[in-house]
Amino acid sequence: TYVVLKVQNLKSTTIDRRGSEPCWEQDFMFEICADGKGFVIELWKKGLLWDSILGVLWIPLATVEHATDEGPGVWWTLHSEVIRNGSEIQGTKTPTSHEILLDVYFALPF
């Protein structure tokens with residue numbers, strides 16, 4: 001499995017991990033505009049011919065705290081459906097059995 005992070009026009013992907021409880025422990029930093037609405041986290045399962053999505057999560061930027069250091073993280077339930085307003089994602093619905101532990105914050109200047 002691997003995770004894809006999408007915010008504004010940026011996208012990053014974790015390395016692949018095997019097992020029922022994969023751990024990536026990868027840090028990602030994005031420089032984004034303050035007018036962004038949110039970002040998307042996708043959990044994917046590698047396949048022989050094509051990959052399949054296991055769950056998706058939309059996190060509104062308005063809910064992200066500011067911090068200077070990493071925290072313990074929060075467990076998030078992934079969903080199977082994306083809520084859209086035109087082409088813009090506004091949320092996710094229909095929980096799956098998959099969860100992901102994320103530590104999400106706006107980094108304050110040193």
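The combined condition, being in a strand (DSSP E or B) and either open to solvent by 100 Å² or more (accessible area, probe 1.4 Å) or touching a Lys or Arg at 6+ places or on another chain (Cβ under 6 Å) (or both), is not fulfilled by Trp58. Listed by first and then second residue, the pairs linking a residue in segment 84-98 that is more than 10 Å from Trp58 (Cβ to Cβ) to a residue that is surrounded by 13 or more Cβ atoms within 10 Å (Cβ to Cβ) and of a type in the set (Val, Ile, Thr), with Cβ atoms under 8 Å apart and 6 or more places separating them unless they lie on different chains, are Pro95/Thr77; Thr96/Thr77; His98/Thr77.
Selection within segment 5-23: residues that are assigned to a strand (DSSP E or B) and not hydrophobic (A, V, I, L, M, F, W, C). The member of this set that is least open to solvent (accessible area, probe 1.4 Å) is Ser12.
How many residues does segment 29-55 hold that are in contact with a Leu (Cβ under 6 Å, 6 or more places away or on another chain) and either open to solvent by 70 Å² or more (accessible area, probe 1.4 Å) or under 24 Å from Pro95 (Cβ atoms) (or both)? Walk me through how you get there before you give the answer.
Applying the first criterion (in contact with a Leu (Cβ under 6 Å, 6 or more places away or on another chain)) to segment 29-55 yields 30, 36, 38, 41, 43, 45, 54-55.
Then drop every residue that is not either open to solvent by 70 Å² or more (accessible area, probe 1.4 Å) or under 24 Å from Pro95 (Cβ atoms) (or both), which leaves 38, 41, 43, 45, 54-55.
Final tally of qualifying residues: 6.
Take the residues in segment 1-29 that are closer than 23 Å to Ser87 by Cβ and touching a residue at least 24 places away in the same chain (Cβ under 8 Å); name whichever of them is nearest to the chain's Cα centre (by Cα). If we take residues in segment 1-29 being closer than 23 Å to Ser87 by Cβ and touching a residue at least 24 places away in the same chain (Cβ under 8 Å), then Leu5 is nearest to the chain's Cα centre (by Cα). Restricting attention to segment 84-110, the residues being open to solvent by less than 60 Å² (accessible area, probe 1.4 Å), in contact with a His (Cβ under 9 Å, 6 or more places away or on another chain) and outside any strand (DSSP E or B) number 0.
Leu78 satisfies every condition listed in (1) open to solvent by less than 40 Å² (accessible area, probe 1.4 Å); (2) in contact (Cβ under 8 Å) with a residue 60 or more places away in the chain except (2).
With respect to (1) surrounded by fewer than 17 Cβ atoms within 10 Å (Cβ to Cβ); (2) within 13 Å of the chain's Cα centre (by Cα); (3) of a type in the set (A, V, I, L, M), the lone exception for Ala67 is condition (2).
The values are calculated or read from the model by the stated rules, or taken from the named source; none is laboratory data. Note that this is a predicted model, so its numbers are computed, not measured. Reconstructed Cβ throughout: ideal geometry from the backbone, glycine too, with neighbour counts over all protein chains shown. Accessible surface is based on the protein model in full, side chains and every heavy atom, while ligands, DNA and RNA are left aside. Shrake-Rupley method; radii C 1.70, N 1.55, O 1.52, S 1.80 Å.
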